[in-house]
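J.: The structure under discussion is supplied below as structure tokens; questions concerning it will follow.
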2 protein chains.
Amino acid sequence: MTVIEEVRHTLAVAALHGEGRVTEGAESVRRSYPLSQVYRLLEPGPVVMVTTSRKGRANVMTMSWHTMMEFEPPLVGCVISNRNYTFNMLRATKECAINIPTVELADKVVGCGNASGRTVDKFEAFRLTPARASRIQAPLIAECYANLECKVIDNAMVTRYNFFVLQVVKAWIDRTRKHPRTIHHLGMGHFMVAGRTIRLPSRMK
Amino acid sequence: MTVIEEVRHTLAVAALHGEGRVTEGAESVRRSYPLSQVYRLLEPGPVVMVTTSRKGRANVMTMSWHTMMEFEPPLVGCVISNRNYTFNMLRATKECAINIPTVELADKVVGCGNASGRTVDKFEAFRLTPARASRIQAPLIAECYANLECKVIDNAMVTRYNFFVLQVVKAWIDRTRKHPRTIHHLGMGHFMVAGRTIRLPSRMK
């Protein structure tokens, strides 16, 4: 599979309202991205949006506390507070997607950070389009320029630090986005927008 | 103590050469920085320089695989490969400093990333100025705009993932730097330079 199929996703909130609301994905421009290169997406430290789903209910969480832990297979460590709705969904399903937004989505990123999935269907509230993943049940966010399908492989530090170790099992990127302006959390409402790129004679991978 | 004293640091390499070379710190402009605010320095994901020292020998390592794990006391998780000279120094001393450089230091950052402390005294080779820390033996890098003195508090994931949990016990910042342009590693010689800052109605800490 090289292109994500669009998915017709009946939102839980719409169902609650007795509406047959269906959200369709935008024409997908995502292409498979090599797992060996995933570190290049996360290592600069962007704010990401973590998606989970359980019992037909999907959620989105804004997150900045993550780090690469291994190149290949790509391992990602992240802290997801046990106060977040996502925490129990991730513990139960052991699956999530890490979606990387750009500055155009900043309002939605902040909106998702301010709301809780306990009371809000964030896909609907922030008009995000769920797209079907290939290896996990959780939806991808179609508007994000990159999507990483992840499985929890190590829970050992969850009790003490809320720290999950994830393995990225499939990665997608929108290759039409040549200069994705990621956003980086500075705290208290401030975000740094990714600036220019420089090239240096680094021998680091 | 509110200002780091300058330190006269006789470099190991100079000693090897039979010279009495002494490096003096620049006039210090560092001020104490609240531990509760440390996440605001690391959460955006900058490349950092980790300093360690053991038996009179100091080292510098370039690192990007780090994440905040707790606000206060500030905990930082980081991966330091067991192929790095720093790995054993950190395991033995359980102390390091995380120094945050800006783009003006990019050449030194890359130089430190390309070299190994086994064969090179990086403070000398890259003309970095060691400054005395208050709570640890490892030197701070005077040229960096922020410095975090850290102690290893958890080794449980070192064997499996080379993952150390550090507690920041003292933080310093150069408050004269109003717009520090941190650099963020994109891999293969590419770095993103921190761009503009935007403000959004986020309720996230």
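The values are calculated or read from the model by the stated rules, or taken from the named source; none is laboratory data. Just so it is clear, the model here is predicted, and its values are computed rather than measured. For neighbour counting, all protein chains shown are included, and Cβ atoms are generated from backbone atoms with ideal geometry for every residue, glycine included. Accessible surface is based on the protein model in full, side chains and every heavy atom, while ligands, DNA and RNA are left aside. Shrake-Rupley method; radii C 1.70, N 1.55, O 1.52, S 1.80 Å.
J.: Could you go through region B:49-60 and let me know if any residue there is modelled with pLDDT of 95 or more, of a type in the set (S, T, N, Q), more than 16 Å from B:Gly113 (Cα to Cα) and open to solvent by less than 10 Å² (accessible area, probe 1.4 Å).
T.: no
J.: I would also like to ask the following. Looking only at residues that are part of a strand (DSSP E or B) and touching a Phe, Trp or Tyr at 6+ places or on another chain (Cβ under 8 Å) in region A:35-62, which one is nearest to B:Leu41 (Cα to Cα)?
T.: Out of the qualifying residues, it is A:Met61.
J.: If you don't mind, another one. Suppose the filter is away from chain A (no Cβ under 14 Å), more than 22 Å from B:Trp65 (Cβ to Cβ) and either free of Cβ contacts under 8 Å to residues at least 24 places away in the same chain or in contact with a Gly (Cβ under 8 Å, 6 or more places away or on another chain) (or both); does B:Ala133 pass it?
T.: no
J.: Considering only region A:121-152, how many residues are open to solvent by 40 Å² or more (accessible area, probe 1.4 Å) and either at positive phi or out of contact with any Pro (no Cβ under 9 Å at 6 or more places or on another chain) (or both)?
T.: Of the residues in that region, 8 qualify.
J.: Which one of B:Ala138, B:Ala156 is farther than 26 Å from A:Val76 by Cβ and in a loop (DSSP other than H, G, I, E, B)?
T.: Of B:Ala138, B:Ala156, the one residue that is farther than 26 Å from A:Val76 by Cβ and in a loop (DSSP other than H, G, I, E, B) is B:Ala138.
J.: What pairs can you find where one residue is in region B:63-91 and in contact (Cβ under 8 Å) with a residue 24 or more places away in the chain and within 13 Å of another protein chain (Cβ to nearest Cβ), the other is among the charged types (D, E, K, R) and part of a loop (DSSP other than H, G, I, E, B), and their Cβ atoms are less than 7 Å apart, with a gap of 6+ or different chains?
T.: B:Ser64/A:Glu43; B:Met68/B:Glu43; B:Phe71/B:Lys205
J.: Another question, then. Quick one: is A:Ala156 without any contact (Cβ under 8 Å) to a residue 12 or more places away in the chain and out of contact with any Pro (no Cβ under 7 Å at 6 or more places or on another chain)?
T.: Yes: the conditions hold for A:Ala156.
J.: Having 3 or more residues that are modelled with pLDDT of 95 or more and more than 7 Å from chain B (Cβ to nearest Cβ) is the bar; report the strands (runs of 3 or more DSSP E) wholly within region A:159-205 that clear it.
T.: Fully inside region A:159-205 and qualifying: A:163-174.
J.: Looking at region B:63-106, which of its residues are part of a strand (DSSP E or B), open to solvent by less than 20 Å² (accessible area, probe 1.4 Å) and of a type outside the set (A, V, I, L, M)?
T.: B:His66, B:Thr67, B:Gly77, B:Cys78, B:Cys96, B:Asn99
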